[in-house]
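Read the structure below first, then the notes.
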Amino acid sequence: MFTNSTNFMEVALSRHASRRMRQRGIPREVAEILFNHSDRSVHAGDECETIWLSGDACQELLSEGASPAFVECACRVAAIYSQRSGMAVTFLRPRRGVSGARFRRQWFTRKRVAKSMRNGIGKP
């Protein structure tokens, strides 16, 4: 159930992420919703993940009593999260369709390719 309690994950933001949030008009509550309820993620390179909410997750949040304004905003935002530092790297408003497919695509980064080549796995 959705509550505004303190048992939610505290969102640590990099300086870049907080600047992007201000530039794009994303409230802190939206970041907290995104980090605590995201159900979609893809590898973004360099130990980072892109996370976002699916339409089903947005509907579930609304049915549980979350603020409609914050949920609507959270459903139109994605965040890139660094697993190494445990911080949000940046926030973006992904496009839909073919033009927005790039952020959802899982690219092999140079580090992943080099590691797989050392282990004798995968394509160059």
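Can you compute the FRET efficiency between D56 and E10 using 1/(1 + (r/R0)^6), with r the Cβ-Cβ distance and R0 = 25 Å? Round to the nearest 0.05.
0.45
Arranged from highest to lowest average of other beta-carbon atoms within 10 Å per residue, in what order do the peptides 82-90, 49-57 appear?
Top to bottom by mean Cβ count within 10 Å: 49-57, 82-90.
Which far-off residues, 5 or more places away or on another chain, put their amide H under 5 Å from the one on A12, with H placed in the peptide plane?
Those lying under 5 Å, H to H, from A12 are A88.
Quick note: the coordinates plus some simple rules give every number you see, no bench work behind them. Quantities reported herein were computed from a predicted structural model and do not represent experimental measurements. Glycine also receives a Cβ, built like all others from the backbone with ideal geometry; neighbour counts cover every protein chain displayed.
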